[in-house]
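To start, the structure under review is shown below, and the notes come after it.
The values are calculated or read from the model by the stated rules, or taken from the named source; none is laboratory data. As the structure is a prediction and not an experimental result, all values here were calculated from the model. Cβ placement follows ideal geometry from the backbone for every residue including glycine, while neighbour counts extend to all protein chains displayed. In case anyone asks, the SASA skips ligands and DNA or RNA and just uses the protein heavy atoms, side chains included. Shrake-Rupley method; radii C 1.70, N 1.55, O 1.52, S 1.80 Å.
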Amino acid sequence: MSKTKIAIFASGTGSNAKAIIEHSFQANYEVDLIISNKENAGVLNYSEEYDIDAMLIDRETFYEDDILLTFLKDRNIEFIVLAGFLWFIPEYFIAGFSNRILNIHPSLLPKHGGKGMYGLKVHQAVFD
């Protein structure tokens, strides 16, 4: 039986991505791709460590072109996991993966999202 293929989108160190990858060895899914919008993101180290393909994306491609969506579908990616990905997801992308995107860093959007809102900073902003 083949495993469900997922792609992880992350902008930072990748501690949650690492946990997802390590759990995949005993689960019914595989991390097929790591996508980041930052070339120096720590999450990219895990792509090398676990021999997972990685891809850098730029803002123009992500927001103005559906090439990434086509690429993911051609790769048979079934689910997207947002693990600290700091860009808003465009509507065309949400429609393309309807009910198949999981954000493990949800915040109270749009009030507590965007630049600088990550990790404990989001939680503190909500409490404040």
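Using a probe radius of 1.4 angstrom, the carbon and sulfur fraction of the accessible surface of the range 17-113 is 49%. Overall, the anisotropy analysis places the range 53-97 in the rounded class: the square-rooted eigenvalues a ≥ b ≥ c of its C-alpha gyration tensor yield a/c less than 1.5.
This model, with +1 at the C-beta of Lys and Arg and -1 at the C-beta of Asp and Glu, gives the chain a dipole about its Cα centre of some 480 debye. Restricting the range 1-100 to GluC sites (Glu not before Pro) that sit in a DSSP loop and have at most 14 other Cβ atoms within 10 Å of their own Cβ leaves Glu39. Looking at this model, which pairs from Lys38/Lys115; Lys5/Lys73; Lys18/Lys115 are more than 18 angstrom apart at the alpha-carbon? As for pairs spanning more than 18 Å Cα to Cα, those are Lys18/Lys115. The helix-based estimate of mean residue ellipticity at 222 nm for the chain, built from -39,500 (n - 2.57) per DSSP H run of four or more residues and divided by its residue count, is -9000 deg cm²/dmol to the nearest 500. Excluding ligands, DNA and RNA, the accessible surface per residue across the range 3-97 is 53 Å² with a 1.4 Å probe.
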